[in-house]
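The values are calculated or read from the model by the stated rules, or taken from the named source; none is laboratory data. Since we're looking at a predicted model, the values are computed, not measured. Note that we place each Cβ from the backbone using ideal geometry, even for glycine, and neighbour counts take in every protein chain shown. Just so you know, the surface numbers come from the protein's heavy atoms only, side chains and all, with ligands and any DNA or RNA stripped out. Shrake-Rupley method; radii C 1.70, N 1.55, O 1.52, S 1.80 Å.
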Amino acid sequence: ADSRATINLWPQIGPQGQQGGPFLRTPTAATLPTATVGEAHESEVYAIVVHGGRLASAGGDKCIRLWDATSLSSDGALAAGVHAASIFALALVPPSGASAAAEGGDGDGAASRGWLLASADARCEVVLWDWQSRAIARRLLGAAGSICALLAYGSGGGTLHAAGSRGELFLWTNLGAD
């Protein structure tokens, strides 16, 4: 995503430019399919994640929008007004026993059961959303400042790391536990 709220879909490009192989060269602007999501977001898009055929985007308008990952057609939004500041980071927290690279399904099916979407904002709040139902699962609070980056993995029932704008590092564990 860029500052004009354009999301670029970059195919994997292999040797001699054929698609599908390891990424060996940067695609040119003329060869990239793009979709502008600026009409849905009212400001810059700062973060995106994709899983199970669904893409989530978030940014300065404090909203999380959902898209079909292939066509970039709108798939709705998560509850508005939850974040009080710009959303700078998104991450997917896999359920216990799953790897962060696990993919599959349509974003609403069994392959997405137990996955959490973490969204972090400029007021150091992290909200966990159930990826399947789109409902808030839990809220996590950091310290003062912004959360600029998130990293998640499934070890131990879901672990989330966050980097703060003031040099802080945060760790939450057992996120998938009831």
Residue that is most open to solvent (accessible area, probe 1.4 Å) [pool: residues in segment 136-178 that are at pLDDT 80 or above and charged (D, E, K, R)]: R166
Residue list for segment 115-135, restricted to those being surrounded by 22 or more Cβ atoms within 10 Å (Cβ to Cβ) and small (G, A, S): A118, S119, A120
Positions within segment 69-94 being part of a strand (DSSP E or B), within 19 Å of S133 (Cβ to Cβ) and open to solvent by less than 60 Å² (accessible area, probe 1.4 Å), in sequence order: D75, G76, A77, L90, A91, L92, V93
Residues (among the β-branched types (V, I, T) and either under 15 Å from the mean Cα position of the chain (by Cα) or modelled with pLDDT under 90 (or both)) located in segment 43-99: V45, I48, V49, V50, I64, T70, I87, V93
Candidate set from segment 159-178 (those that are under 13 Å from V126 (Cβ atoms) and in a loop (DSSP other than H, G, I, E, B)); member that is farthest from the chain's Cα centre (by Cα): E168
Conditions (1) open to solvent by 40 Å² or more (accessible area, probe 1.4 Å); (2) out of contact with any strand residue (DSSP E or B) (no Cβ under 9 Å at 6 or more places or on another chain); number of the one not met by G52: (1)
